[in-house]
Structure formats: C-alpha cells, structure tokens
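Down below is the structure, laid out as structure tokens.
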Amino acid sequence: MLTEEFVISNPLGLHAKPAVDFSNLAKRFESRISIVKEGAVIDAKDVFTLMGSELWCGTAIRLVAEGRDELEAMRVLGDFIRALKD
C-alpha cells in the first residue's frame, strides 16, 4: 500500500469535470484507489461519491493505492492532482 498527502490547490476544488477525469483515470488501474478526507474513505473510482465529498480548494487529502499496479497508479494520479488548475 502506498499513500501520499496532498492539498487541493485548484480554486474550484475537485469539481465535476476534474472529478470525472480523476475517477476515469483511477478506473484504469487494478489497484484499489481511495482518497481519505478527515478520516472518511472515499472510493476514487466512484465518481458520484467523489463529487459529493466536498473536495474544495485547501482540502487536505491522502491518496491511497493498494494492489499490483499501485506504484504506477500513485504516480499517475498524484501527477493529476498536482497539475489540477481548473
């Protein structure tokens, strides 16, 4: 299992379009992909749960990847979060 801490820096947070893109990207991996926010575990492959999780600008999250391709998943999804601008 790999984890990495992030703070959402996009002024609009992880709103509809980036949430859909992130979820679709997460679905490409066999690993279980989760976002932990304030102790709540969010399935990153479930776009509706992701969109309803209030991941606003300034929100601290932990990205968790667990499985066979966790290293690649963490790299790709971490890059997505770091590059998120709008």
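Below is a table of values for the structure above.
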| quantity | calculated |
| --- | --- |
| Angle between the chain longest axis and helix 70-83 axis [Cα atoms, degrees, rounded to 10] | 20 degrees |
| Folded to 0 to 90 degrees: helix 16-26 orientation relative to the chain principal axis, Cα | 10 degrees |
| Longest DSSP-loop-exposure-free segment, trypsin sites (Lys or Arg not before Pro), the chain, at most 14 other Cβ within 10 Å | 29-67 |
| Spatially proximal aspartates and glutamates relative to K85 (Cα-Cα < 16 Å; intrachain offsets below 8 disregarded) | D21 |
| Percent of alpha-carbon pairs separated by more than 19 Å within segment 2-83 | 24 percent |
| For segment 34-44, Karplus couplings with θ = phi - 60° (6.51, -1.76, 1.60), whole Hz, Gly/Pro x | 10, 10, 10, 10, 6, x, 7, 9, 10, 6, 5 |
| Cβ charges +1 (Lys, Arg) and -1 (Asp, Glu), total dipole of the chain, debye | 140 debye |
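Where a number appears in this text, it was derived from the coordinates with a stated rule and is not lab data. Since the model is a prediction, treat every value here as computed from it, not as a measurement. We place every Cβ from the backbone using ideal geometry, glycine too, and count neighbours over all the protein chains shown.
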